[in-house]
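Have a look at the structure below before the remarks.
The values are calculated or read from the model by the stated rules, or taken from the named source; none is laboratory data. The structure presented is a predicted model; accordingly, all values stated were derived computationally and were not measured. No Cβ is skipped: glycine too gets one built from the backbone with ideal geometry, and neighbour counts run over all protein chains shown. Ligands, DNA and RNA are stripped out before the accessible areas are found, and what is left, the full protein with its side chains, is counted by its heavy atoms. Shrake-Rupley method; radii C 1.70, N 1.55, O 1.52, S 1.80 Å.
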Amino acid sequence: MLDMLPRLSLYFKNPCAFRHFILSLLPPQMPALVCSEAFSTFLHKHCPVVAERFSPTPWCWGGRLQTLVCALIKSRPPVAYRNELIRTVDGGQISLDWVDNQASHSYPESSTRPTVLILPGLTGNSQQPYVLHAINQATRHGYRCVVFNNRGLGGEELLTPVTYCAANTSDLERVVTHVKGLYPHAPVLGAGVSLGGMVLLNYLARKRSESGMVAGITISVPWDAQKSSDSMEEPLNWLLFNKYLTSGLCRAVTRHRKILEKVVDVDYVLKARTIREFDERFTSLLFGYKSCTDYYRDASPDKKLPRTAVPILCLNAADDPFSPQTAFPVNIVQNLPNVALLLTAHGGHIAFLQGLFPRGESYMERLFGQFVQALLDNGLLCLQEFDLNLIPLLHDQLENI
């Protein structure tokens, strides 16, 4: 095998491609699980996927390639939504997409059927493949799902010149209050992806034991917004990802131009060529920050984790171009009883593709399904393995199932 390497290298003019090929020949690596001993025991028992060696798709090894391929080929399970528009205190509206799962055999009583609240990424909504797969997993276990579409992205009109950002949790608080008002005896579990995970973690940190949720799970969270922005401005990352996402943000502004031009210079905003420029010209101004640096500092959830009070599982890949591994809050998490950080060497951003034809469910979907089921199905049995004094809110809510 080693004799072949010099000859094989001739077929790979790109050094990175050759490196990823060589890595694909190596045995799959075990993910690193950073958490307390009690949380580790709980996860190994109820989420066996955390102990599996993660082997990415052989022909799709690098983080950038994983991210791109996933966006292009991931399947879209059919999901029938019931849409609901709810009003906010400032006169705006939020679009919620529900899957009531009335045919649930595990939880036939709607009043106590657990609800999985899903928060999509930066420009995402309820139609993203990762959202559809998460709903497929959750409804299979009998749960109700609701997708919280950020303002202006769920097909609804903006009624006020307010959109969304990673640091602002008021809309999420409004959604949780609404969901708990409809089903006060049904536990709610939050699932946030990328920017949605940042919002979820910031919300859990601010509300602490008053969050109205029993647990949370995040996928591919950018832990430090400044470092994430720096990574996304590397030339190749800008070309492959940053440019596309910035265009998506600008399209949303264009769609709601009439109301947004009351508070920002829309023409100036639309000239943004990076997410950072967009945040400097739009997001920071809209939410009252003196600078983009101040916004990024407030949006970053890493240092806020000690203020959270419910079990949280966070999945990240070391080769995620959106969230560099230098930002992973390993030192913080290892001292917390309620947060677990699961780190894979490969997987990209919201990808984690496995198998030769990775269109269907993969590593992150299986992890999501197992964790959600562990917290919601096992109910109070889970708490006997956890510290009851640590998570009183979870105990109170699960008593109602």
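The figures follow:
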read-out	value
Average Cα contact separation per residue, region 65-137, under 8 Å, 6 or more apart, as relative contact order %	32
Accessible area, probe 1.4 Å, largest first, for residues Glu210, Glu156, Glu109	Glu210, Glu109, Glu156
Share of pairwise Cα separations in region 154-275, more than 21 Å, in percent	52
For region 193-257 versus region 139-175, the gap between their alpha-carbon centres in whole angstrom	14
In sequence order, calculated HN-Hα J values of region 92-100 (Karplus, 6.51, -1.76, 1.60; Hz; x Gly/Pro)	x, 9, 10, 9, 10, 10, 9, 10, 6
Accessible area expressed per residue, the chain, with surrounding protein chains retained (probe 1.4 Å, Å²)	43
Cα-Cα over 22 Å, subset of Lys74/Lys303; Lys180/Lys303; Lys180/Lys304; Lys262/Lys290; Lys45/Lys180	Lys74/Lys303; Lys180/Lys303; Lys180/Lys304; Lys45/Lys180
Cα pair distances in region 25-115, grouped into 5 Å bins until the bin that holds the longest one, percent each	2, 9, 9, 10, 12, 14, 17, 15, 8, 2, 1, 0
Summed residue charge, Cβ within 12 Å of Asn237's Cβ, Lys/Arg positive, Asp/Glu negative	-3
Cβ-derived FRET efficiency at R0 30 Å, Gln93 paired with Thr254, nearest 0.05	0.95
Residue-span extension gain [His44 to Thr160] - 0.36 nm each, minus C-alpha spacing	37.1 nm
Percentage relative contact order, region 126-253, counting C-alpha pairs under 8 Å, at least six apart	18
Extension gain (nm, one decimal) between Val330 and Lys262, 0.36 nm per residue minus Cα-Cα	20.2 nm
Length-normalised contact order of the chain in % [C-alpha pairs under 8 Å, at least 6 apart]	24
Loop-resident sites, region 238-342, for trypsin sites (Lys or Arg not before Pro), counting at most 12 other Cβ within 10 Å (DSSP)	Lys262, Lys271, Lys290
Summed residue charge, Cβ within 13 Å of Leu201's Cβ, Lys/Arg positive, Asp/Glu negative	+3
Within the chain, percent of DSSP bridges classed antiparallel, to nearest 5	40
Approximate spin-label separation Phe357-Ile86, in nm, with each point projected 7 Å along Cα-to-Cβ	4.1
Of (i) 62, 46, 40; (ii) 58, 46, 46; (iii) 66, 55, 40, the label for Cα extents along the principal axes in Å derived from the coordinates	(iii)
For region 328-365 and region 44-70, distance of Cα centres in Å	8
